[in-house]
Structure formats: structure tokens, C-alpha cells
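Enquirer: Supplied in C-alpha cells, the structure appears directly below.
The values are calculated or read from the model by the stated rules, or taken from the named source; none is laboratory data. Note that the structure is predicted; figures quoted are calculated from it, not measured. Here Cβ is always computed from backbone atoms with ideal geometry, including for glycine, and neighbour counts include all displayed protein chains.
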Amino acid sequence: MQAVIYSNGSQECERMTSLLKSLGGEFLEYKLNEHFSQRAFESEFGPEATYPQVAIGAKHLGGLKDVLHFLEDNHLLNESPQLATSLP
């Protein structure tokens, strides 16, 4: 499975891309005003959604904290897993 990051270039988005790179996972990064508009972002994730938003496969995980919880709950932070192949 591949992760998808919806980014606005913020520090949190940079942290997310760095984290996924360090885990060895494959991901696509879609950037605000390059790949999508703010209106499309809010339509997809809601007006209260923050950047980044992350999905892995067909599963929407949410923002940075949501992804960290997901990785921790699935024991993916303490190991060196290949994110693309280790997800449940």
C-alpha cells in the first residue's frame, strides 16, 4: 500500500514526509495550489481539517497526530518496517 499526503508545505507536512521517508514507505505528496485547491481540500476532509492529511491505501488516517497514533498502535515506530508492506 502507498501513503498519500495532502500538504500545504507547513512544518508539520515536512515532518510527515520525513517520518514516512525514515520508515522506508512509499508515498505520494499532493501539494496545495499545485495539485488541489483549498476548496477541494475542505470538501474532501471538512472545513476543520488541518495539514497534513494522510491516507494509506483506501484508509484515511487524518492529521499528524492521528498518523503517529496509528503507527504507534501498529508497532511501526519502534521498528524499521517497510511501511508499504507492513500495514495490517
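Enquirer: For the stretch 17-47, give me each residue that is in contact with a Ser or Thr (Cβ under 8 Å, 6 or more places away or on another chain), modelled with pLDDT of 95 or more and of a type outside the set (D, E, K, R).
Expert: 30, 32, listed by residue number.
Enquirer: Mind checking which strands (runs of 3 or more DSSP E) fall wholly inside the stretch 12-68 and carry at least 2 residues that are surrounded by 12 or more Cβ atoms within 10 Å (Cβ to Cβ) and among the aromatic types (Phe, Trp, Tyr)?
Expert: 27-31
Enquirer: Another question, then. Hey, residue 50 hits all of (1) on the phi > 0 side of the Ramachandran plot; (2) modelled with pLDDT of 95 or more but one; which does it fall short on?
Expert: Status for residue 50: all satisfied but (1).
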